[in-house]
Each structure stands twice: as C-alpha cells, then as structure tokens.
1. Along the charge dipole of chain B, pointing to its positive end and built from +1/-1 on Cβ of Lys, Arg, Asp and Glu, which listed residue (B:99, B:85, B:208) has its Cα farthest out?
2. Using a Förster distance of 51 Å, how high is the FRET efficiency between residue A:117 and residue B:29, based on the Cβ-Cβ distance and rounded to 0.05?
3. Rolling a 1.4 angstrom probe over the protein chains, ignoring ligands and nucleic acids, what is the accessible area of residue A:72 in square angstrom, nearest 10?
4. With a/c under 1.5 counting as rounded, go ahead and sort chain A into rounded, prolate or oblate using the C-alpha gyration tensor (a ≥ b ≥ c being the square roots of the eigenvalues; past the cut-off, prolate if a/b is larger than b/c, else oblate).
5. Compute the length gained on full extension between residue A:224 and residue A:314: take 0.36 nm times their separation in residues and subtract their Cα-Cα distance, giving the result in nm to one decimal.
6. Take the Cβ-Cβ distance between residue A:339 and residue A:276 as r, set R0 to 25 Å, and report the resulting FRET efficiency rounded to the nearest 0.05.
7. Classify segment A:176-341 as rounded, prolate or oblate from the Cα gyration tensor: take a ≥ b ≥ c as the square roots of its eigenvalues, call it rounded if a/c is under 1.5, otherwise prolate when a/b beats b/c and oblate if not.
8. What is the dipole size for segment A:104-174, taken about its Cα centre, with +1 at each Lys and Arg Cβ and -1 at each Asp and Glu Cβ, in debye to the nearest 20?
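The values are calculated or read from the model by the stated rules, or taken from the named source; none is laboratory data. All values derive from a computational prediction rather than experimental measurement. Cβ coordinates were reconstructed from backbone atoms using ideal geometry, including for glycine residues, and neighbour counts include every protein chain displayed. Remember, those area values only see protein heavy atoms, side chains included, never the ligands or the DNA or RNA. Shrake-Rupley method; radii C 1.70, N 1.55, O 1.52, S 1.80 Å.
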Amino acid sequence: MTNKTPSVESPICPLPRRHSDKIVQGHGSGGKMMADLIKDVFYPPLANPALLAGDDAGVVEISDGVRLAISTDAHVVSPLFFPGGDIGKLSVCGTVNDVAMVGARPLYLSASFILEEGLDINILEKVVNSMKEAANEADVQIICGDTKVVAHGEADGLYISTTGIGLLEPGRSIGGSQAKPGDQVIISGSLGDHGIAVLEARGDLGFETNLESDIAPLNHLIRAMLSVSDKVHVLRDPTRGGAASALNEIAKQSQVGIILDEGSIPVKPAVAAACEMLGFDPLYIANEGKLIAVVGSEDAPRILEKMHQTRYGEDAVVIGQVEESPPGRLLLKTGLGSTRIVDLLAGEMLPRIC
Amino acid sequence: MKYLTEYRDADLVHGLINKIKEITTQHWTLMEICGGQTHSIIKNGLDQLLPDQIELVHGPGCPVCVTPLELIDKALAIASKPDVIFTSYGDMLRVPGSQADLFSVRARGGDIRVVYSPLDAVKLAQENPDKEVVFFAIGFETTAPANVMSVLQADQLGLDNFSILVSHVRVPQAIEAILSSPHNRVQGFLAAGHVCAVMGYWEYIPLAKKYNIPMTITGFEPLDIAQGILTTVESLEAGTCEVKNAYIRAVSKKGNQNAQAVINKVFEECDRKWRGIGLIPGSGWRLRPLYTKYDAEKRFQVETIQAEESPLCISGLVLQGQKKPDQCEAFGTLCTPENPLGATMVSDEGACAAYYRYRTQTPGSQEKGL
C-alpha cells in the first residue's frame, strides 16, 4: 500500500489472523470460537454419545430405567461480589440449573476451590455461606470438595468449580435436539440483568444503574412447568453468550428455524440503556437466573400460567416460535416488520467505538 | 427508552417509506457515509422496506475499518513492550495487523486494556506512574474532541507517562475522494450525523455544489435514516444539490465550536492513508508540534514501521460504495468475523460484518439475503 496511489482496480486488504495456536479471551465467550474449540479440541479425543448430545448436562443410564444427569461448571468472576450475588451463589446455581435443564432433579454437588495465596479467610467464609444458602434454596447438598492454593498472582482471588448430579424421571426427554416446528419459545423473564450488573460492579459502565444480577436456582420453576405439561421439549439457561447463543444452539441441534419477535423480548430499561451506550445487544448478554423453554404450542398457555405463579417465572412470556426453515438459523422479526439473522457471537463481545 | 423508542416507531417509519415510494420515479444510488448508519440499516432491515429503485451503498465511515495496516503494526509493536499499558476502544483489538492482532499480543502477556473513554486512559496513567500508558486514538471527527481532551488533561496534570497513537481521519476529504473517482456511482449522500454534531455541515456545502450532488445530514435511528433518505430522494427527484439537515436535534450548521476549538488547538491537518483505499490528501489529523511529547509514534520510535497489504479482498471497493459485501467471492466462506480477510469484516460497523451478522444464510444454502 505504501507505494500505491488510491486505485479501485487494485483493492488492498489485510491477511487474516486465526487464533488457532493460542487461547484468547474469545474462546471463552460462549460464541462461535468456543463452539469451534469444543468441536476441534475436546470432541475428537473424548467423544461419546452423552458428550456429543451437546446439552447443558450429560445424561447416562446407569441401570434399567435409572438415568443420571451430570454437569460441571468452573466459575471465574470479577469482582467476587456484585449486586444480587457472588461467586458462591453463582457456583451453586449455575450447576443446579445446568442439571435441571435436561429435566433432571438436581440432588448433589461437589465443589473445588482454587484459592490465591493472600485471600482473606473471611471472604472465603462469606462465599461458602452464600453457597449454603443457594444450596438450601435449590434443595441440594454439597457432599464433597477439594481445595488447592496457588501462589499470589496466579489466580484472581478465588475460583470455584462445581459438579452436579441429578436424577431423571423415566420417559423424560428434554434436550436441544427436541424442538419441533410449531413449538413456542418462552423466556422466563428479562434478558441481560446479570451481565450488565457485573459490568457495573466492575466499574466498566461509567454510569450507575440499580440493576441486580438475576442469579437464581431454577430447578423448582422447572419442576412446576413439568408438573403441568409433558410437552416441554427444550430447556436451556442462556448464560454466557446470552439468549442468542442458546437459541442458535437449539436451532442447530434440532435443525429448525427459530423466529423471534423483537417487540416481545423483555429487556429492562436500564439494560437497554447500557446496551445502547456500549453498542451491545441484550440478546448476547449473560443471564444466570433465566431459562428458555421450547414447548408444544397447545401447552404454552398452561405452562406460562404455571410459571407466572412462581418466584422466578412471574415475567415469563412467549418471544418466538419454531418453524421448519431456515434449518439451524435464528431469525428476528424487527419492530419495523423486516427480518434479520441473529448469529452466534464471533468471539469476545467488544464495545463499539462510537 | 425516552428519546430513543420514539425514533424507532414502526408506523412513523412506514409513513416515511411510503412517501419515498410515492415520489421515486427512477433508480437512485445513495451512500450512507457512517458505519453506525450501515449497522442500523441492516440491523433494522430498513433497506428491505425501501422501493427497489433506491439502492443504498455503504461508505467508508468505519474508523476501525479504515485504520491503515501500518498503524496497527505500530500499535502491536508498542503494546508488546514491557512496562506499557496499551489502551484502546474495544473493537480495535480484533483488527489484524501484518503478523498478529492485539488479542494475540494480549494472549502473549501484553497489558492491553479496553477503555470506554480516552480519559480512562489518562486516569490509568495517573494510577500507574511506573508504566507508560498509551491510548490508540482512532476515529473520525466524532471521537476527536474526547481524544484531544486526553492530551490536554495529561498536559494539565503534568503526566510524562501518557501518549496517544493517532490515526484520525476526516469525512469531507473522503467524500471528495469518492466523488472524484471516475468509477463513482453515488448520486446522493447521507452525511454522518455525529460527525456533523461536532463539525457542523458548512464544509459540505462547497462539496455539494462542486460535484452537483445532494447531501442530507442524517441520524442513526430508523426514523432518522428514513427521513434522511426521503430528503435526499426529494432533492434528486427535484434536481437540486443542496445540503439539508435531517438531524436538527443534534446538528447545526456551525457545529460544536468549543469542540472544534480544542481539536484545532491540539491537532493539525495531515495526509492520511486509509486501509483499503490508499492515501487521501489532507484527510487526517495529527498532533501539533507543541504536543509532540504525547506522540506515541515518536516516544516508542515506531515511525519507520511500514506495511504492505495483500490484495486478497474487495474491501476497498466496498468502502467506496462500488461493490456490496455479498458480491465478494470470499464473503461468508473464506472471510468471516472470526477469520476476517478484510477490515470491513472486523468491526461491527464494517459493512461486511453487518451483512454477515444479519444477512448470511446457512452454509450450503443457495439463497443469499432474506
């Protein structure tokens, strides 16, 4: 370019940069880079049917008719405490929810702690107490654990990894591949509260909201839903990568098209404002106490009514529907009546320049 | 949201679209200058609502897209140095340089931080007196006031560990480069509202007259853009070539004179290379000699870094409105946001990225667009 004059006949353009040789933050964003990492690095050597199902929890049959759901989740969040929760509550609810999303009843959790040298013991006590409260609410027990300490500077205070185990009722089949054309898509409440609350706690917003993280155990909500319908086909908690990523996964697993109605997607004004300021889309912001349910349309009113009677489902609404095409795609009908694609996030979500 | 949802009102937008349909008698090619407008048009599917005769082409107003390769290489060289905290607006991290991008430098241990304002970088410099803090000052006229304020504030605080890597570009000179090309097919411009909020629109009046072309100062919400298109088509149909302001809630003819004064205090005009386009005379800003000590290029002695770009994609044509993103063979196959061949695929404001995010179909599908 340096010796050339502007010319439209010889356009000039940079070479690509792939991030295939080093891990970068985008590999943990819940978007396409993470999906590729799982597909390229983890699946080939570890493949088995439970893993390849690609759901929040792996389901295995351990004896005739007895099926277990197992899920594991490592929790790293900065700051450790934020409005509405902390890393302890997150570590319990995250895993409880992942187990519950295949329709299982979560029973027991394990917890591993990676502690940074110099961490205040009273911070750890506070976190563990928070875990106890969350476990009580979810009606699960933490039955084993592990503790490792790393040198100062080798961890950000405290990381927690939890594994959960739950029991599946016979005949229950809930998973990302079960969405069917005609199904309705329900969201249990407003999108993006957790992600924006944590951004604010991190001091990254530059302005104040009164938002709290939505962290909550959703197993009781799910049990209530399942008590009124056997047409709950898919459940998913839209955590990292947000609702857009979760719905894209479902569309791909079930090979259906999912069409959202922009006007019906619940977003709190503070979340909408923060997203406008930063150039984010609430559909990609993390949630920790929300679920997406894909349900048979004939049962949708009954399921919604039941959800509205519960603490974490009182704002549940239908936000879209499942159609035959385009297979594997998530579409959005805009407020203006046009249609556009909602894709997986490419990598790390970055605020736009202006 | 107050003062936002009003400008997304579907009935009002459809009312303007209907007016556009009523008055359009022939094919017109309009360019929206700003990447923010491109993003809004594609995100809201506004172009799907327009009559077929109105063609929107996407302009070079994405600062991330047009920052030249060698500036990225300079940024990478500085960010790789020990004792440097390199700060940047978020989406610059993904832009590929010759050998790496800022993400890769961060993965190798470089201290690279996303800031939301250049004044955050000044604060970092205050808090880290033993580190060199560098801010990647890119952008059009819109970001210039905040970027020069960081220099003035560092000066006032007497900071000697703060500097900026400047890659500022200007819109009127880019418009002139497009209009003076023998291949130009743009017949009307939607000028960038935020740029004009700072600079006013007095600079566009002689341009419109010289090239006999209507320009409308246009905002970013669907209603703003529909109004901008309607106003431009009205001028085209009437055969007039005025500059009209369809963003009066933010823009005046003279603009924000205080902002212009601080820009002029710190920056002076210079020639600037645009990625994908080439050198456009007088199209940039650089630090005035008085503020040279805040020039990161000089401080870190990276002035001599040169870079050759590879002729692999058509982003230059896209940036000049001569091709649409999906007219590129690599679009959506070899070139995706995770693996961008060109800068227009990198930023959310890049036309290719906007098309990819909102328009691509599943791989293998014959259909393009919706």
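1. Of the listed residues, the answer is B:208.
2. On the way: r = 64 Å, r/R0 = 1.26.
Efficiency at R0 = 51 Å is approximately 0.20.
3. Taking all protein chains as shown, residue A:72 has close to 90 Å².
4. Working: a/c = 1.44, a/b = 1.11, b/c = 1.29.
Taking the square roots of the gyration eigenvalues as a ≥ b ≥ c, chain A is rounded.
5. On the way: separation 90, 0.36 × 90 = 32.40 nm, distance 1.23 nm.
Answer, rounded to one decimal: 31.2 nm.
6. Working: r = 22 Å, r/R0 = 0.88.
In this case the efficiency is close to 0.70.
7. Numbers: a/c = 2.01, a/b = 1.32, b/c = 1.52.
It comes out oblate by the Cα gyration axes.
8. Details: 5 positive and 11 negative charges, 76 e Å.
That gives segment A:104-174 a dipole magnitude of about 360 debye.
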